[in-house]
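Notes follow once the structure below has been shown.
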Amino acid sequence: MTRLVAGVDAVFFDIDGTLLDHDAASAASLRLRLAVELGGDEELDDERFALALDEWRRLELLHYDEYLRGAIDLSEQRRRRTAGILRWIGAELRSERALDAWFESFLDGYRDGWAAFEDVEGTIPALEAHGSLELGVITNADASIQRRKLAAMGVGERLPAFVASSLVGRAKPDPAIFTAACDLVGLEPGRVAYVGDRLDVDALGARDAGLVGVWLDRKGEAAAAETTDGVHVISGLGELTGFLGLDD
């Protein structure tokens, strides 16, 4: 296998926030659902929606982490997120069945908004041009859902090495999920790069597992980060080929 300038022979990506614009799809669907709850767009001005969106994202991180730790199942984490945002806007309490239906409606809109970031279109072909480079994903989510996202973006077959927490039984930043990815492509961790939009879960987790951790800092948060020791920071996927020494 031809070794690249940086000594990396495989690149794995996170999905949500890295390849897929999760925040945009989630925000658009949430706005629609809250508008229905509140009786129309006139009841949901931009300022109030911004606050609601912050709360929705807080609930997502809180309860999805509970799911990843095995404290609750997938359905329960969805119910807790839904109950939390309905409570926040002052809506009446709902039965489990009603909470499930609400979240399914949210998911319908969320799926409609699935789209790749603009820099994905140029980056994947540039990496594919180097035929010896293994490509794949490592994701903290249900495998079937994440495969559908990759298909919607048109990159499913182009990132064939697929590792999901639901299959491995461990979630990032646990070293086991990163080790599983390295084993899948038959490479030592130091020859594998992992690119993700979260410093703690993605870049530092990969670094601690011995991989080349790359933080995709789309929001420009590196300057305020407590530490980025041992990880590489890029502001967009377009910088990745240069980092790997593929632009020569």
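Pick from the range 99-133 the residues that are closer than 30 Å to G186 by Cα and loosely packed, with under 15 Cβ neighbours inside 10 Å: which of them is modelled with the lowest pLDDT?
Ranking the candidates gives G131 first.
Mind checking whether some residue in the range 192-199 is surrounded by 20 or more Cβ atoms within 10 Å (Cβ to Cβ) and over 15 Å from the mean Cα position of the chain (by Cα)?
yes
Can you find a residue that is aromatic (F, W, Y), touching a residue at least 24 places away in the same chain (Cβ under 8 Å) and open to solvent by less than 90 Å² (accessible area, probe 1.4 Å) anywhere in the range 84-98?
no
Kindly establish whether V231 is more than 14 Å from F13 (Cα to Cα) and open to solvent by 30 Å² or more (accessible area, probe 1.4 Å).
It is false that V231 is more than 14 Å from F13 (Cα to Cα) and open to solvent by 30 Å² or more (accessible area, probe 1.4 Å).
Assess whether E76 counts as being in contact with a helix residue (DSSP H, G or I) (Cβ under 9 Å, 6 or more places away or on another chain), surrounded by fewer than 17 Cβ atoms within 10 Å (Cβ to Cβ) and modelled with pLDDT of 95 or more.
The answer is yes for E76.
Please state which of the following conditions V163 fails to meet, knowing it meets all the rest: (1) more than 22 Å from I124 (Cα to Cα); (2) aliphatic (A, V, I, L, M); (3) under 15 Å from the mean Cα position of the chain (by Cα).
Exception for V163: condition (1).
Tell me, please, whether a residue that is open to solvent by 10 Å² or more (accessible area, probe 1.4 Å), without any contact (Cβ under 8 Å) to a residue 60 or more places away in the chain and farther than 29 Å from D73 by Cα can be found in the range 175-185.
No.
Against the definition (in contact (Cβ under 8 Å) with a residue 12 or more places away in the chain, within 18 Å of G109 (Cβ to Cβ) and acidic (D, E)), how does E60 come out, yes or no?
Against the criterion (in contact (Cβ under 8 Å) with a residue 12 or more places away in the chain, within 18 Å of G109 (Cβ to Cβ) and acidic (D, E)), E60 qualifies.
The values are calculated or read from the model by the stated rules, or taken from the named source; none is laboratory data. Small disclaimer: the values here were computed from a predicted structure and weren't measured. So basically every Cβ, Gly included, is an ideal-geometry build from the backbone, and we count neighbours across all protein chains shown. Please note that ligands, DNA and RNA were not included when accessible areas were found on the heavy atoms of the full protein model with its side chains. Shrake-Rupley method; radii C 1.70, N 1.55, O 1.52, S 1.80 Å.
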